[in-house]
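*Asks:* Pasting in a structure now, in structure tokens, and then I'll have a few things to ask.
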Amino acid sequence: MPASTTTSTAPVTLTAQALLLDMDGTIVNSDAVVERCWHDWAVSHGLDPQEAMKVVHGRQGYATMAVLLPDRPMEVNHAENAVMLARETADTDGVVPVAGAPEFMAALDGLPHALVTSADTALATARMTAAALPMPGIRVTAESVQASKPDPEGFLMGAAALGVDPADCIVFEDSAAGITAGRAAGMRVIGVGPRAAAHAPTAHVPDLTALHVTTAPDGSITITLHPTT
């Protein structure tokens, strides 16, 4: 059973040995470009763009396409995903940090953390650069995994790369697919932003200004946050 979502407005404290960070919607606000690109793709395939956007967030593009067009050969999805990635990488108009992300990332400097994103390396680099955020030294990108979120593979790889037991990791995520993946990896999940609240994260914050990072002498990381109702 996953942990129930925190509903109190009192401060909550969670302790971990490492943090695993999603990118899009969690530390980088790329909604404008994601919506532009996927709106055009949905229309070109005769799909309702609003319905398509309910599936897009958190998944690799080929996995989104497989959900929306279940009868289509997977090789076609991979080919179209390559085109989509190139377009998204070239389009950084409107890509900005999520509120509080610069301070949050600065607080993590020198602490065990990794980026775990459904973007490939080129796209992750483009968006982190556009948002003026430091790229974590350890990162799990689309090229690293065999299965897209909501599969837990990426988060388990991140924990292994950091040498930390999954139960001692906290995931930061915004999407249904990502929150599901974090829970399936046996990790606690802090949901960030409006999309996250409905998907039973361990706790939820509206953005990254609502939390504070401290460390203990033993190296453990404490996250103090003000969850939403």
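The values are calculated or read from the model by the stated rules, or taken from the named source; none is laboratory data. Since this is a predicted model, take the numbers as computed values, not measurements. Cβ atoms come from the backbone with ideal geometry, glycine included; neighbour counts cover every protein chain shown. Accessible surface areas use protein heavy atoms only, side chains included; no ligands, DNA or RNA. Shrake-Rupley method; radii C 1.70, N 1.55, O 1.52, S 1.80 Å.
*Asks:* If you go through segment 67-84 one residue at a time, do you hit one that is within 28 Å of Gly163 (Cβ to Cβ) and touching a helix residue (DSSP H, G or I) at 6+ places or on another chain (Cβ under 9 Å)?
*Replies:* no
*Asks:* Here is a follow-up. Return the total of residues in segment 190-211 being part of a strand (DSSP E or B), under 16 Å from Val98 (Cβ atoms) and open to solvent by less than 10 Å² (accessible area, probe 1.4 Å).
*Replies:* 4
*Asks:* Select from segment 55-90 the residues that are of a type outside the set (A, V, I, L, M, F, W, C) and loosely packed, with under 13 Cβ neighbours inside 10 Å and write down the one among them that is farthest from Thr129 (Cα to Cα).
*Replies:* Here the answer is Asp71.
*Asks:* Here is a further query. Count, please, the residues in segment 97-107 that happen to be surrounded by 16 or more Cβ atoms within 10 Å (Cβ to Cβ) and either modelled with pLDDT under 95 or out of contact with any helix residue (DSSP H, G or I) (no Cβ under 7 Å at 6 or more places or on another chain) (or both).
*Replies:* 4
*Asks:* Let me ask another. Yes or no: Ser175 of a type in the set (Ser, Thr, Tyr) and surrounded by 17 or more Cβ atoms within 10 Å (Cβ to Cβ)?
*Replies:* Judged against the criteria, Ser175 is a match.
*Asks:* Could I ask something else about it? Ala159: closer than 22 Å to Met74 by Cβ, modelled with pLDDT of 95 or more and either surrounded by 22 or more Cβ atoms within 10 Å (Cβ to Cβ) or in contact with an Asp or Glu (Cβ under 8 Å, 6 or more places away or on another chain) (or both), yes or no?
*Replies:* no
*Asks:* A further question follows. Checking His212 against (1) over 23 Å from Val140 (Cα atoms); (2) in contact with an Asp or Glu (Cβ under 8 Å, 6 or more places away or on another chain); (3) not aliphatic (A, V, I, L, M), which single condition isn't satisfied?
*Replies:* (2)
*Asks:* With Thr117, Thr141, Thr125 as the choices, which residue is in contact (Cβ under 8 Å) with a residue 12 or more places away in the chain and more than 24 Å from His204 (Cα to Cα)? It would help to see each step written out before you state the result.
*Replies:* Working: Thr117 fails: more than 24 Å from His204 (Cα to Cα); Thr125 fails: in contact (Cβ under 8 Å) with a residue 12 or more places away in the chain.
Among Thr117, Thr141, Thr125, only Thr141 is in contact (Cβ under 8 Å) with a residue 12 or more places away in the chain and more than 24 Å from His204 (Cα to Cα).
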